[in-house]
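The values are calculated or read from the model by the stated rules, or taken from the named source; none is laboratory data. Given the structure is predicted, the values throughout are model-derived calculations rather than measurements. Please note: Cβ atoms are built from the backbone with ideal geometry, for glycine as well, and neighbour counts cover all protein chains shown. The area values use the complete protein model at the heavy-atom level, side chains included, leaving out ligands, DNA and RNA. Shrake-Rupley method; radii C 1.70, N 1.55, O 1.52, S 1.80 Å.
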Amino acid sequence: PTLPERLGIFAAALRWETADIGGGDLVVHLPHADGDRVVLVDVMGHGINAKAGAIAHAAMIRALDVGQGLPPGPFLARWSRLVFSEAGFDAVVATALVVDLHADGRIEIASAGHPRPMVVSRDRAIALEVDGPLLGFTDHGDYRTVSLTLAAGERLLLATDGLDPAELASGGPCPDWLTGDLCSRHAAALETAASRAASRVAARLGPDPQDDWMMVLIERADNRAAQPD
């Protein structure tokens, strides 16, 4: 998985690990005329079979994005209908998160059963109420688009459930041990904070993780430049 470090006025840091050869966690970057779209996908399981499912979803994402201009919610609804209609996806269970980073600083997010994004700052971590059914669960899935703007000192945390399966796989927010670590490093450079957090994840999961994991940290680069030390 790869993601540019700069996405318009935003900065991003990606960290990930696979449990086996291949891996079912996926991030797709889609440049748009008015900003950037970032799509996270978590295909259940790991290894070659999960990787095959991730590749199929990546192709679908890119095809659906061409010329459509759909906001995150409607984009997920169309994607889910397509998965529902394809018999080959019956055995592929996946969650997804669609995040639009606009040039004016707005962020729009919609979720298909994915762990809730978190806004992390010096003093607190808040889970965003972004929910929706799994991809392909129904042909009429309702996916609500949530909008927000990051203030100076705030970072957006996106994650797959493999970094804490006991908490995130059951629909809970990112665990306190991770958000607390990120809060304590609010003044650190984005890459430094992401690397330290990833080291914390790796230490907890050990050398043989049971699932793939991925996390993305996003901040306003212009706010960062103006933020006092």
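Within region 174-189, count every residue that is surrounded by fewer than 20 Cβ atoms within 10 Å (Cβ to Cβ) and either in contact (Cβ under 8 Å) with a residue 12 or more places away in the chain or of a type outside the set (A, V, I, L, M, F, W, C) (or both).
At the first step, the residues of region 174-189 found to be surrounded by fewer than 20 Cβ atoms within 10 Å (Cβ to Cβ) are 175-177, 180-181, 183-189.
This time we only want the ones that are either in contact (Cβ under 8 Å) with a residue 12 or more places away in the chain or of a type outside the set (A, V, I, L, M, F, W, C) (or both), so: 175-177, 180-181, 183-187.
Qualifying residue count for the region: 10.
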What pairs come up if the first residue lies in region 71-90 and is small (Gly, Ala, Ser), the second is at pLDDT 90 or above, and their beta carbons are under 7 Å apart, counting only those six or more places apart or on different chains? 73/110; 73/143; 73/144; 73/145; 77/143; 80/112
Considering region 210-229, residues that are at pLDDT 75 or above and more than 23 Å from residue 189 (Cα to Cα), and then whichever is most open to solvent (accessible area, probe 1.4 Å), we arrive at 211
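Can you report the number of residues in region 104-115 which are exposed (fewer than 15 other Cβ atoms within 10 Å of the Cβ) and either touching a Cys at 6+ places or on another chain (Cβ under 8 Å) or of a type in the set (Gly, Ala, Ser) (or both)?
The total comes to 0.
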Filter result for the condition that a residue is closer than 24 Å to residue 104 by Cα and surrounded by fewer than 19 Cβ atoms within 10 Å (Cβ to Cβ), over 14, 40, 30, 7: 30
Inter-residue pairs, beta-carbon under 6 Å, first among the β-branched types (Val, Ile, Thr) and in region 142-168, second assigned to a loop (DSSP other than H, G, I, E, B) and open to solvent by 50 Å² or more (accessible area, probe 1.4 Å), 6+ apart: 145/71
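Any residue in region 55-64 that is under 28 Å from residue 196 (Cβ atoms), modelled with pLDDT under 90 and surrounded by 15 or more Cβ atoms within 10 Å (Cβ to Cβ)?
So in region 55-64, the residues under 28 Å from residue 196 (Cβ atoms) come out as none.
Within region 55-64 (the criterion being under 28 Å from residue 196 (Cβ atoms), modelled with pLDDT under 90 and surrounded by 15 or more Cβ atoms within 10 Å (Cβ to Cβ)), the answer is no, since none of the residues qualifies.
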Being crowded, with 18+ Cβ neighbours inside 10 Å and at pLDDT below 90 is the filter here; which residues of region 116-142 pass it? 135, 136, 141
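Checking the structure you have, find out if any residue of region 157-166 is open to solvent by 10 Å² or more (accessible area, probe 1.4 Å), assigned to a loop (DSSP other than H, G, I, E, B), touching a helix residue (DSSP H, G or I) at 6+ places or on another chain (Cβ under 9 Å) and modelled with pLDDT of 95 or more. Write out each step before concluding.
Kept after step one, since they are open to solvent by 10 Å² or more (accessible area, probe 1.4 Å), are these residues of region 157-166: 161, 164-166.
Of the ones still in play, those that are also assigned to a loop (DSSP other than H, G, I, E, B) are 164.
When the remaining residues are screened for being touching a helix residue (DSSP H, G or I) at 6+ places or on another chain (Cβ under 9 Å), the result is 164.
Now drop any that are not modelled with pLDDT of 95 or more, which leaves none.
No: zero hits.
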